[in-house]
Amino acid sequence: MYSKIRVYTGSLSNFRHTPVKLAATFFLLSAVALHSPYSDAEQKTSAFQNIINKVSRSGSLLMLQAVCDAGKAELRNGVAGCSACPSFTSASGDKTGFALADAVFGSFTQAREPEAVVYLKGCESDATVDGGIALLQQTASGWSRLHYEKGLGFTECLKFRTLEDVSNLLCNHSSSVDESQFGKIFWLDMTENKFSRTPLLRWYDNSASNPRELVSVFPYRFLRSDFNQDGRSDVRISFRIREQFIPEKYSGALHAINSGYKIDPPESLSLTYLFNGEALKLQNDSQENSTRINQIVNKHLPTTDP
């Protein structure tokens with residue numbers, strides 16, 4: 001079934017000196033979780049509400065002309081998608097279809113080119129892959145597809161304008177398996193008409209699975225500002241972190257909380273990434289925090305590319 005599309009159209013100025021809360025759906029992010037099953041950071045509002053606009057139905061269909069096979073672009077329950085999987089996907093022709101989930105507009109391959117990066121769900125046969133992203137370019141005759149790569153996706157993205165006057169993206173993507181959340185934060189460069197992805201770090205939260213060992217490493221805020229005062233906007237990512245064993249008399253963390261057991265308050269860590277006009281670089285004084293975050297995540301997840 002198709003999901004609702006969100007489109008990100010904001011500029012750097014939208015984020016300067018502005019804290020941005022990420023959307024979340026998990027338990028136990030703050031001490032108030034002892035009184036309420038969901039904390040304030042868990043409300044299902046987007047981290048980037050100030051730059052999200054819904055794309056029009058007609059606009060969605062025009063974009064999908066570059067994605068779907070001929071005659072397969074359609075609206076289903078008001079949401080644009082492909083009625084059959086396109087020929088360039090792993091499940092070519094499958095009637096489950098391709099759903100347009102998210103999109104970011106900007107100039108990504110060269111200056112002043114009207115382009116879009118779109119996240120599409122479905123049409124990939126690998127159980128670990130829920131779709132992919134496509135790079136589109138708008139011309140006088142309509143949208144055209146420049147590149148597609150399966151296995152990539154994004155939940156939120158921030159644009160950074162480079163020295164070449166194009167935008168690179170800092171993206172966060174999350175997925176859920178067995179009520180645990182898995183996240184990836186990565187840098188995306190498309191200047192060569194393809195996706196050059198640089199992984200920054202992973203995050204993990206198992207709170208909603210009622211775990212015996214509670215583990216939560218969650219990025220709850222992105223703050224845009226010029227931290228090194230070089231005239232370019234940087235980013236600081238703030239995390240809430242928990243590692244706690246639940247007493248054996250409880251079946252897990254949720255049972256313990258409902259029974260009045262006190263969960264320790266989360267630890268707060270921040271990572272500052274400085275933008276040099278080409279890429280994001282982790283600030284030296286954030287190295288220790290980065291190591292701490294990676295140690296926790298790698299202890300509970302395989303140490304694979306995020």
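Based on what the data block shows, is SER90 modelled with pLDDT of 95 or more and either surrounded by fewer than 22 Cβ atoms within 10 Å (Cβ to Cβ) or in the same structural domain as VAL177 (by TED's automatic domain parsing) (or both)?
Values: modelled with pLDDT of 95 or more: no; either surrounded by fewer than 22 Cβ atoms within 10 Å (Cβ to Cβ) or in the same structural domain as VAL177 (by TED's automatic domain parsing) (or both): yes.
For SER90, the condition - modelled with pLDDT of 95 or more and either surrounded by fewer than 22 Cβ atoms within 10 Å (Cβ to Cβ) or in the same structural domain as VAL177 (by TED's automatic domain parsing) (or both) - is not met.
Under 9 Å by Cβ, and 6 or more places apart or on different chains, what pairs join a residue from segment 185-204 that is of a type in the set (A, V, I, L, M) with one that is surrounded by fewer than 14 Cβ atoms within 10 Å (Cβ to Cβ)?
Taking only residues 6 or more apart or on different chains, the pairs are ILE185/PRO199; LEU188/SER196; LEU188/THR198; MET190/SER196.
Among the residues of segment 106-155, which ones are in contact with a Cys (Cβ under 7 Å, 6 or more places away or on another chain) and either exposed (fewer than 14 other Cβ atoms within 10 Å of the Cβ) or under 30 Å from ASN276 (Cα atoms) (or both)?
PHE154 - this is the single residue of segment 106-155 that is in contact with a Cys (Cβ under 7 Å, 6 or more places away or on another chain) and either exposed (fewer than 14 other Cβ atoms within 10 Å of the Cβ) or under 30 Å from ASN276 (Cα atoms) (or both).
Give segment 243-294 a look and list any residue that's closer than 14 Å to ASN210 by Cα and part of a strand (DSSP E or B), or say none. Give the derivation first.
Just the residues of segment 243-294 that are closer than 14 Å to ASN210 by Cα, to begin with: 243-259, 261, 263.
Within segment 243-294, GLU243, GLN244, PHE245 meet the criteria.
Just give me the residues in segment 93-138 being part of a strand (DSSP E or B) and of a type in the set (S, T, N, Q), in sequence order.
As a first pass, look at segment 93-138 and keep what is part of a strand (DSSP E or B): 98-106, 115-121, 131-138.
Scanning segment 93-138 gives GLN137, GLN138.
Step by step: first the residues of segment 139-187, then only those that are of a type in the set (Ser, Thr, Tyr) and outside any strand (DSSP E or B), then the one that is modelled with the lowest pLDDT. Which residue is that? Don't jump to the end; show me each part of the working.
At the first step, the residues of segment 139-187 found to be of a type in the set (Ser, Thr, Tyr) are 139, 141, 144, 148, 155, 162, 167, 174-176, 180.
If we keep only those that are outside any strand (DSSP E or B) too, we end up with 141, 155, 162.
Values: SER141: 91, THR155: 88, THR162: 97.
Once the filter is applied, the top-ranked residue is THR155.
Does SER174 satisfy being without any contact (Cβ under 8 Å) to a residue 60 or more places away in the chain and either basic (Lys, Arg) or surrounded by 21 or more Cβ atoms within 10 Å (Cβ to Cβ) (or both)? So that I can check it myself, show each step before the final result.
Numbers: without any contact (Cβ under 8 Å) to a residue 60 or more places away in the chain: yes; either basic (Lys, Arg) or surrounded by 21 or more Cβ atoms within 10 Å (Cβ to Cβ) (or both): yes.
It is true that SER174 is without any contact (Cβ under 8 Å) to a residue 60 or more places away in the chain and either basic (Lys, Arg) or surrounded by 21 or more Cβ atoms within 10 Å (Cβ to Cβ) (or both).
Can you tell me which residue within segment 295-306, out of those that are of a type outside the set (Ser, Thr, Tyr) and not in a helix (DSSP H, G or I), is nearest to ILE246 (Cα to Cα)? Before you say what the answer is, go through the steps one by one.
As a first pass, look at segment 295-306 and keep what is of a type outside the set (Ser, Thr, Tyr): 295-302, 305-306.
Pick out the ones that are also not in a helix (DSSP H, G or I) and you get 301-302, 305-306.
Numbers: LEU301: 20, PRO302: 23, ASP305: 30, PRO306: 28 Å.
Among those that are of a type outside the set (Ser, Thr, Tyr) and not in a helix (DSSP H, G or I), it is LEU301.
Would you point out the residue of segment 260-279, among those that are within 14 Å of PRO219 (Cβ to Cβ) and within 21 Å of the chain's Cα centre (by Cα), that is surrounded by the fewest Cβ atoms within 10 Å (Cβ to Cβ)? Can you show your working first?
Our first condition is that a residue be within 14 Å of PRO219 (Cβ to Cβ); within segment 260-279, this holds for 266-273.
The next check asks that each one be within 21 Å of the chain's Cα centre (by Cα); those that pass are 268-273.
Details: SER268: 13, LEU269: 19, SER270: 15, LEU271: 21, THR272: 21, TYR273: 21.
Filtering segment 260-279 for residues that are within 14 Å of PRO219 (Cβ to Cβ) and within 21 Å of the chain's Cα centre (by Cα), the one surrounded by the fewest Cβ atoms within 10 Å (Cβ to Cβ) comes out as SER268.
Which of the residues belonging to segment 113-153 are within 17 Å of the chain's Cα centre (by Cα) and of a type in the set (A, V, I, L, M, F, W, C)?
Across segment 113-153, the qualifying residues are ALA116, VAL117, VAL118, LEU120, VAL129, ILE133, ALA134, LEU135, LEU152.
With the condition kept exactly as written, say whether any residue in segment 231-246 is among the charged types (D, E, K, R), surrounded by 13 or more Cβ atoms within 10 Å (Cβ to Cβ), under 21 Å from LEU158 (Cα atoms) and free of Cβ contacts under 8 Å to residues at least 40 places away in the same chain.
In the first step, residues of segment 231-246 are kept if they are among the charged types (D, E, K, R); the result is 232, 234, 236, 240, 242-243.
This time we only want the ones that are surrounded by 13 or more Cβ atoms within 10 Å (Cβ to Cβ), so: 232, 234, 236, 240, 242-243.
In the following step, the residues that additionally are under 21 Å from LEU158 (Cα atoms) were identified as 232, 234, 236, 240.
Now restrict to residues that are free of Cβ contacts under 8 Å to residues at least 40 places away in the same chain: 236.
Yes - at least one qualifying residue is present in segment 231-246.
Is it the case that GLY78 is assigned by TED's automatic domain parsing to the domain that holds LEU135, modelled with pLDDT of 50 or more and surrounded by 13 or more Cβ atoms within 10 Å (Cβ to Cβ)? Break it down stepwise before answering.
Values: assigned by TED's automatic domain parsing to the domain that holds LEU135: yes; modelled with pLDDT of 50 or more: yes; surrounded by 13 or more Cβ atoms within 10 Å (Cβ to Cβ): no.
So GLY78 fails the test.
Looking at (1) in a loop (DSSP other than H, G, I, E, B); (2) in the same structural domain as ILE296 (by TED's automatic domain parsing), can you tell me which one LEU200 breaks?
(1)
Out of segment 158-193, which residues are touching a His at 6+ places or on another chain (Cβ under 9 Å), within 14 Å of ILE237 (Cα to Cα) and of a type in the set (A, V, I, L, M, F, W, C)?
ILE185, PHE186
What residue, of ALA208, ALA256, is among the small types (Gly, Ala, Ser) and within 30 Å of PHE186 (Cα to Cα)? It would help to see each step written out before you state the result.
Numbers: ALA256 fails: within 30 Å of PHE186 (Cα to Cα).
Unique residue meeting the criteria: ALA208.
The values are calculated or read from the model by the stated rules, or taken from the named source; none is laboratory data. None of these values were measured; they are calculated from a predicted model. Virtual Cβ from ideal backbone geometry, glycine too; neighbours counted across all protein chains shown.
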